[in-house]
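Worksheet: the structure to be examined is printed underneath.
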Amino acid sequence: MKFRTIIILFLSCFCINAGAVTLNEAKALVTANEYGRAVVAFRSLIQQPRYANNAECNKYYGQCLCMTGSYAESLKYLEKGAKGGKVGAYWYMGISKQHLYDFEGAIEALDKYKSSLNKNSSWVPRTDSIISECELGMRALSRVQDVVIVDSLMVPKASFFSYYKLGYESGSVITPAACGGQIAELADSCATVFETLAKDYRLFSLDDKENGTSNLYASSFFEDHWNDAEKIESVGGESCRVAYPFMRTDGETLYFACDSTPGLGGYDIYVTTYNSDTHSFYAPSRLGMPFNSPYNDYMMAIDETNQVGWWATERNASPGFVCIYVFLLEDQPEYLEGMQVSRARIDCIADTWRAENYDELLAAIRNPINPNEQTMPELFIPIREGKVYDSLDDFKNEKARLAYENYRRAKESLDVAKEDLSQLRDDYRNASAAARSALKPQILQKETQVNNLYEQIARLAKEYRNLESE
């Protein structure tokens, strides 16, 4: 009994000493950027009467909460710190309010912080940059797209793209290691690789470690090998990072993420289209809310089979994870009226729904049918929202049925053209130098035919689906 009492007393003393941290020790954790531990330390201090109303302690505690993503909780303590003369609290107050979509309040706080700075301070341009982000956020918040989000899932950030369930015709997103060759050797500089269904075209980003930037590159499969990566000059800039590219089946619409400034914060998602006349992409456009946010927003990918899109974001996610959202494609986007903060933040995906549930669509997405499987029905005709026909008799719109028949004929033509192209490439590999000169223009002509058929198929697929959905 005596021995047990000694143990209890020892543990009590140990717990008291472990929790007894000084203000200077807690501040040292902040200096070391150990914000998780600092939150625990300052929480124990703030509960003590002598520190409960201490401006410095409240400012530091609010700072640590802000830096660990507890934005709403941080405001109470940052306000106490600011009232006590700790002007640094206004910076973190601005950051917290920005991430809570209170852009007007964020600008007000950042203006107060800026007014306390020397005009030559390096914090002036940093503050101006965040104010610009908040001004963009205010404009974006007044035009939130009415997007139907049918599913969400939290996944590890390092491998988030492996959770995208895309229809086979949409191509694939793979790791650099899966590519082999030059791209695999650059795996430490490359996040993801987009590869077309035909496996003859790839898009990826590579880091420029000397300048701290990254750029988009493309590579094509020709003459039995992958060509050297070519930089896409018309996308990106001199001082930003570009990553996570995805090309739609039309071969023209390109999505990517970029941290260019001014932006909404971190990586934003952009879209651009290819100009065949200039052989370059048009000036990219930043997507609005809810796709972009004050957080990092990553790869946008489109599933043409199920007519849904996917994107990943760090909002509403735990550290080291991202949240993936799945949404319905809209031919003509509609926008919500007024400042729709809840919809912009995506507080609840059910608030976006226009039907009781989307179980049928989700089942189709989660259990994709491979067209090469023997169990596949004779006809597999994807319609909107996960509906699939297995007979031409299922069509209710005659024009839609005719468009689908044209779509099938185009796909058959594509299969023949691809076989011809493959044969020409085989002949080229085994031919003499003189024969290769004659074969090369034939290969180029056949490649053009294949690309045109891809575009035609994408157009006809959209046409028959739209007609049948009217």
Open item on the list: Shape verdict for the stretch 288-350, please, from the Cα gyration tensor: rounded (a/c under 1.5), prolate (a/b greater than b/c) or oblate.
Closed with: oblate
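What FRET efficiency, computed as 1/(1 + (r/R0)^6) with R0 = 25 Å and r the Cβ-Cβ distance, is obtained for residue 356 and residue 108, rounded to the nearest 0.05? Could you put the intermediate results ahead of the total?
Details: r = 42 Å, r/R0 = 1.70.
Approximately 0.05, to the nearest 0.05.
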Open item on the list: How high is the relative contact order of the stretch 223-296? Use alpha-carbon pairs under 8 Å, at least six apart in sequence, and give a whole percent.
Closed with: 25
Task: Cα convex hull of the stretch 189-252 - mean projected area over all directions, nm² - done: 4.7
Open item on the list: For the chain, what does the relative contact order come out to in percent, with C-alpha contacts under 8 Å and a separation of six or more?
Closed with: 12
Task: Total formal charge among the other residues, if their Cβ is under 9 angstrom from that of residue 365, Lys/Arg +1 and Asp/Glu -1 - done: 0
TODO: At a Cα cut-off below 17 Å, give the aspartates and glutamates reachable from residue 86, other chains included and same-chain residues fewer than 8 away excluded.
DONE: 56, 108, 111
Open item on the list: Just to confirm the number: angle between the C-alpha axis of helix 71-83 and the first principal axis of the chain, 0 to 90 degrees, nearest 10?
Closed with: 40
Open item on the list: For the stretch 246-354, report the % of Cα-Cα distances exceeding 17 Å.
Closed with: 58
Task: Across 114/209; 157/209; 396/446, pairs whose alpha-carbon gap is larger than 28 Å - done: 114/209; 396/446
Open item on the list: Using the Karplus curve 6.51 cos²θ - 1.76 cosθ + 1.60 with θ = phi - 60°, what ³J(HN,Hα) values do you get for each residue of the stretch 84-93, in whole Hz, with x for Gly and Pro?
Closed with: x, x, 8, 5, x, 4, 5, 4, 6, 5
TODO: For residue 440, go through the lysines and keep the ones whose alpha-carbon is under 25 Å away, minus same-chain ones fewer than eight residues off.
DONE: 199, 231, 411, 418
Open item on the list: Can you match Cα extents along the principal axes in Å to one of these, (i) 99, 52, 42; (ii) 88, 60, 55; (iii) 106, 52, 47, based on a calculation from the structure here?
Closed with: (ii)
Task: 0 to 90° range, to nearest 10: angle between helix 433-469 axis and the chain longest Cα axis - done: 70
Open item on the list: Charges at C-beta only: +1 for Lys and Arg, -1 for Asp and Glu. How large is the resulting dipole of the chain about its Cα centre, in Debye rounded to 20?
Closed with: 2580
Task: Amide proton proximity set for residue 242, modelled H, under 5 Å, gap of 5+ - done: 214, 215
Open item on the list: At a 10 angstrom cut-off on C-beta neighbours, averaged per residue, how do the peptides 140-153, 288-301 rank from highest to lowest?
Closed with: 288-301, 140-153
- [ ] Determine the sum of side-chain charges near residue 72: Lys and Arg each +1, Asp and Glu each -1, restricted to other residues whose C-beta is under 12 angstrom from that of residue 72.
- [x] +1
Open item on the list: With +1 on the Cβ of every Lys and Arg and -1 on the Cβ of every Asp and Glu, and nothing else charged, how large is the dipole of the stretch 243-322 about its Cα centre, in debye rounded to the nearest 20?
Closed with: 200
- [ ] Positive end of the charge dipole of the chain (Lys, Arg +1 and Asp, Glu -1 on Cβ, about the Cα centre): tell me which of 32, 395, 220 has its Cα farthest that way.
- [x] 32
Open item on the list: Run the helix sum for the chain: -39,500 (n - 2.57) per DSSP H stretch of 4+ residues, divided by residue count, reported at 222 nm to the nearest 500 deg cm²/dmol.
Closed with: -14000 deg cm²/dmol
Open item on the list: Ignoring ligands, DNA and RNA, please state the percent of accessible area on the chain from carbon and sulfur, probe 1.4 Å.
Closed with: 49
Open item on the list: Could you tell me which residue out of 423, 164, 21 lies farthest along the dipole of the chain toward its positive end? Charges go on the beta carbon: Lys and Arg +1, Asp and Glu -1, centred on the Cα centre.
Closed with: 21
Open item on the list: Can you give me the accessible area per residue for the chain, using a 1.4 Å probe, in Å²?
Closed with: 52
Open item on the list: Can you give me the angle between helix 55-67 and the longest principal axis of the chain, using Cα atoms only, in degrees from 0 to 90, rounded to the nearest 10?
Closed with: 20
Task: Charge dipole (the stretch 26-173, unit charges on Cβ, about Cα centre) - positive-most of 105, 141, 84 - done: 84
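The values are calculated or read from the model by the stated rules, or taken from the named source; none is laboratory data. All of these numbers come straight from a predicted model, not from anything done at the bench. Quick reminder, even Gly has a Cβ in these numbers, built from the backbone with ideal geometry, and neighbours come from all protein chains shown. Only protein heavy atoms, including side chains, enter the accessible area calculation; ligands, DNA and RNA are left aside. Shrake-Rupley method; radii C 1.70, N 1.55, O 1.52, S 1.80 Å.
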